[in-house]
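Reviewing the structure listed below.
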Amino acid sequence: MLFIIWIIVGGILGWLASMVMKTDAEQGMILNVVVGIVGAFLGGWLLSPLFGTGTINSNDFSISSLLVSFLGAIILLAIVNLLRRGRAR
């Protein structure tokens, strides 16, 4: 059951990050889930020590962990945009 919640929350965070980075029209539902989950890993690796919280991948569904996971998804999309287009939006 936790895996399903993890996918749903990752999808929502990936979708919100794609809206912020204006890549929503280029991505589908599956890619939003991937961006949300991989972004949570990236946020946990980069931002979690700075904020002193976990991420959705560590079964921590607090507001701070959702924020760290969301920021990680935004960072991931910015990196993808840099590699694909040569600039961030």
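The values are calculated or read from the model by the stated rules, or taken from the named source; none is laboratory data. The structure presented is a predicted model; accordingly, all values stated were derived computationally and were not measured. All Cβ positions, even for glycine, are placed from backbone atoms using ideal geometry, and neighbour counts span all protein chains on display. For the accessible areas, the whole protein counts, side chains as well, though only heavy atoms, and no ligand, DNA or RNA atoms are used. Shrake-Rupley method; radii C 1.70, N 1.55, O 1.52, S 1.80 Å.
Which order do you get for LEU13, LEU83 if you rank them by accessible area with a 1.4 Å probe, largest at the top?
Values: LEU13 15, LEU83 150 Å².
The ranking, largest first, comes out as LEU83, LEU13.
As a test of reading the structure, rank ILE74, ILE56, ILE30, ILE4 by solvent-accessible area (1.4 Å probe, protein chains only), most first.
Numbers: ILE74 35, ILE56 0, ILE30 125, ILE4 95 Å².
Ranking ILE74, ILE56, ILE30, ILE4 by accessible area, largest first, yields ILE30, ILE4, ILE74, ILE56.
Pulled fully out, how much extra length does the chain show between ILE4 and VAL20, if you take 0.36 nm times their separation in residues and subtract their Cα-Cα distance? Don't jump to the answer; show the numbers that get you there.
Values: separation 16, 0.36 × 16 = 5.76 nm, distance 2.44 nm.
Contour length minus Cα-Cα distance gives 3.3 nm.
Ordered by residue, what ³J(HN,Hα) values in Hz, to whole numbers, does region 48-54 give under the Karplus form 6.51 cos²θ - 1.76 cosθ + 1.60, where θ = phi - 60° and Gly and Pro are x?
Per residue, the Karplus-derived 3J(HN,Hα) values read 4, x, 6, 8, x, 9, x Hz.
Using helices alone, I'd like the mean residue ellipticity at 222 nm for the chain: each DSSP H run of four-plus residues gives -39500 (n - 2.57), total over residue count, nearest 500. List each step's numbers first, then the result.
Numbers: 4 runs with 64 residues, N = 89.
Rounded to the nearest 500, it is -24000 deg cm²/dmol.
Out of these labelled values of semi-axes √(5λ) of the Cα gyration tensor in Å, (i) 21, 15, 9; (ii) 23, 14, 11; (iii) 26, 17, 10, which was calculated from the coordinates shown here?
Answer label, from the structure shown: (i).
On the protein heavy atoms, probe 1.4 angstrom, tell me the percent of accessible surface of the chain carried by carbon and sulfur. Mind showing how you got there, number by number?
Numbers: 3950 of 5200 Å².
With neighbouring chains kept in place, the figure for the chain is 76 percent.
Work out how much length ARG85 to TRP45 would gain on full extension: take 0.36 nm times their residue separation and subtract the Cα-Cα distance, in nm to one decimal.
So the chain would gain 11.9 nm between ARG85 and TRP45.
Taking the Cα centre of the chain as origin, work out the dipole magnitude from +1 charges on Lys and Arg Cβ and -1 charges on Asp and Glu Cβ, in debye rounded to 20.
Working: 5 positive and 3 negative charges, 77 e Å.
With Lys and Arg at +1 and Asp and Glu at -1, about 380 debye.
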